Amino acid sequence: MDTMIITIIILVLCSSFFSATETAFNCANRIRLKNLANDGDDRASKVLDVLDDYDKFISTVLIGNNIVNILLATIATVLFTQIFGSNKGPSVSTAVTTIVVLVFGEIIPKSLAKQAPEKFSMSVVSVIRFLQIILTPIVLIFNFIQWAVSKIVKIENDDSDITDELMTMVEEAENEGDLEAHESDLISAAIEFNDLDVKDILTPRVDVIAVDITDSLKEIEQIFRFNTFSRLPVYENTIDNIVGVIHEKDFYALYNSDNPKKSIKTILQSTIFTSPHTKISNLLKQLQSSKMHMAVVLDEFGGTSGIITMEDIIEELVGEIWDEHDVVKEYYQKIDDNTYLVKGNCEVDDLFERLDIENDDEEHDYITVSGWVINEFEDFPKVNDSFDYQNLHVTVTKMLERKIEEVKVEIVDHQDDENKEE
């Protein structure tokens, strides 16, 4: 009897080992393991090798755990039958064995292993590799059965976008306190950076400040002075024919020189041209290699769609960059807790994110609130025209000719509306 009790204790410990091992290897962070392996930790390398053939690992663990639990149940039945007799023994054995296995063979070891999965997995990896060798014949049989079942039962692979998974990981890290809010924002911006096109962040044609190549130096000087730009696009005859860029420093050197034949043609720098669908990550490389800070965006007909600067691109990573001459743009004016005045050139995605609204049209072509409003009306609206969108009531408050300058966005409580109707 003493021998059986000792055997049962050993089998419970073995069950705990297999359960903890399964949890540790499943929860182990591959990135941490790779960092440890790169630092020369041989045990981390072995864990990664085991995880690379996960089917073999899980088969080994499950086979070992089941053998142990079957032996445990068998010996426990014999022991309790001897103590309580053949009538009560099996029932008592089932109850006690179930509780012991659940508590000491499953719940406790798995909880402990989950707290330090990398450390635990590295401490037992040599034992697992040994068991994989010992149980190879049985593992091969089960792997063959698994392969046969996979051929009969077809399961489609989940080809979900890894970007969404990475964003979720960043959000979880921030919620758990592993990342500060600004660190999370920077990582999220870097993840989304490659998905942005030039059209998403360009300065549209109607907002481009440019000069004609025939403009006098006095006129150009006033434009520099009143707009505080360091560079200005230069066009010939029409803004659809941009021929280059002039730099503020070069201009004032020319403006203050004694040369009687002053012409901005002497300081005109070439520019690069791009399309609205170019990825901003690719354009950034082009700007860096050409040592330029501005690109002209052309539409499908070769006309000017807008301009984009290196600063525009970098701001997508680090947020708005202001200098002492910039005028801070206020896109939102809060009226009360449920009402905002929103500028028409505000990004609609930013508005939806701020108000926790999900865009019904994920493949929309518009970028700004103005474009969203026009899309909803399917025409150019007038002042005081309004529409409802989910739980928002949107009213056009300011127009400049055909350009929407401002809208009022009210968050509507549908429950209140229903109460009023009643």
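The values are calculated or read from the model by the stated rules, or taken from the named source; none is laboratory data. Given the structure is predicted, the values throughout are model-derived calculations rather than measurements. Cβ placement follows ideal geometry from the backbone for every residue including glycine, while neighbour counts extend to all protein chains displayed. Note: areas computed on protein heavy atoms with side chains; ligands, DNA, RNA excluded. Shrake-Rupley method; radii C 1.70, N 1.55, O 1.52, S 1.80 Å.
I'd like to check something: does segment 108-122 contain any residue that is more than 18 Å from residue 7 (Cα to Cα) and of a type in the set (Val, Ile, Thr)?
yes
Yes or no: segment 163-173 includes at least one residue that is open to solvent by less than 50 Å² (accessible area, probe 1.4 Å), more than 25 Å from residue 61 (Cα to Cα) and not in a helix (DSSP H, G or I). Talk me through it step by step, then tell me what you get.
Filtering segment 163-173 for residues open to solvent by less than 50 Å² (accessible area, probe 1.4 Å) gives 163, 167, 170, 173.
Checking which are more than 25 Å from residue 61 (Cα to Cα) leaves us with 163, 167, 170, 173.
If we keep only those that are not in a helix (DSSP H, G or I) as well, we get none.
The answer is no; no qualifying residue exists.
Considering segment 227-249 alone, what residues qualify as being more than 17 Å from residue 292 (Cβ to Cβ), outside any strand (DSSP E or B) and over 37 Å from the mean Cα position of the chain (by Cα)?
237
Within segment 118-140, how many residues turn out to be closer than 26 Å to residue 16 by Cβ and open to solvent by 40 Å² or more (accessible area, probe 1.4 Å)?
Residues flagged as closer than 26 Å to residue 16 by Cβ and open to solvent by 40 Å² or more (accessible area, probe 1.4 Å) within segment 118-140 amount to 12.
Show the residue pairs that are 6+ apart or on different chains and have beta-carbon atoms under 6 Å apart, the first residue being within segment 67-96 and farther than 24 Å from residue 19 by Cβ, the second being open to solvent by 40 Å² or more (accessible area, probe 1.4 Å).
From segment 67-96, the pairs are 84/92; 89/81; 90/77.
Identify all residues within segment 185-201 that are aliphatic (A, V, I, L, M) and open to solvent by less than 30 Å² (accessible area, probe 1.4 Å); write none if there are none.
Listed by number, the residues that qualify are 189, 198, 201.
Please give the number of the condition residue 220 fails out of (1) outside any strand (DSSP E or B); (2) open to solvent by 50 Å² or more (accessible area, probe 1.4 Å).
Of the numbered conditions (1) outside any strand (DSSP E or B); (2) open to solvent by 50 Å² or more (accessible area, probe 1.4 Å), the odd one out for residue 220 is (2).
Within segment 202-217, take every residue that is open to solvent by less than 50 Å² (accessible area, probe 1.4 Å) and charged (D, E, K, R) and give me the one that is modelled with the highest pLDDT.
It comes out as 212.
Listed residues 358, 330; which is within 21 Å of residue 206 (Cα to Cα), of a type outside the set (A, V, I, L, M, F, W, C) and either assigned to a loop (DSSP other than H, G, I, E, B) or free of Cβ contacts under 8 Å to residues at least 24 places away in the same chain (or both)?
Going through 358, 330 in turn, just one is within 21 Å of residue 206 (Cα to Cα), of a type outside the set (A, V, I, L, M, F, W, C) and either assigned to a loop (DSSP other than H, G, I, E, B) or free of Cβ contacts under 8 Å to residues at least 24 places away in the same chain (or both): 330.
Within segment 339-352, is there a residue that is assigned to a helix (DSSP H, G or I), charged (D, E, K, R), open to solvent by 80 Å² or more (accessible area, probe 1.4 Å) and modelled with pLDDT of 85 or more? Spell out how you get there, then give the answer.
Taking segment 339-352 first, the residues assigned to a helix (DSSP H, G or I) are 348-352.
From the residues that got through so far, the ones that are charged (D, E, K, R) too are 349-350.
Of the ones still in play, those that are also open to solvent by 80 Å² or more (accessible area, probe 1.4 Å) are 349.
Next, from what is left, pick out any that are modelled with pLDDT of 85 or more: none.
No, there is no match, as no residue in segment 339-352 is assigned to a helix (DSSP H, G or I), charged (D, E, K, R), open to solvent by 80 Å² or more (accessible area, probe 1.4 Å) and modelled with pLDDT of 85 or more.
Residue-wise test of (1) among the hydroxyl-bearing types (Ser, Thr, Tyr); (2) within 31 Å of the chain's Cα centre (by Cα); (3) over 30 Å from residue 2 (Cβ atoms); (4) at pLDDT 90 or above.
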residue: 53; (1), (2), (3), (4): no, yes, yes, no
residue: 59; (1), (2), (3), (4): yes, no, yes, no
residue: 70; (1), (2), (3), (4): no, no, no, yes
residue: 78; (1), (2), (3), (4): no, no, no, no
residue: 83; (1), (2), (3), (4): no, no, no, no
residue: 92; (1), (2), (3), (4): no, no, no, no
residue: 138; (1), (2), (3), (4): no, no, yes, no
residue: 147; (1), (2), (3), (4): no, no, yes, no
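Residue 63 is checked against (1) in contact with a Leu (Cβ under 6 Å, 6 or more places away or on another chain); (2) among the β-branched types (Val, Ile, Thr); (3) within 22 Å of residue 5 (Cβ to Cβ) and fails just one. What number does that condition carry?
Failing condition for residue 63: (3).
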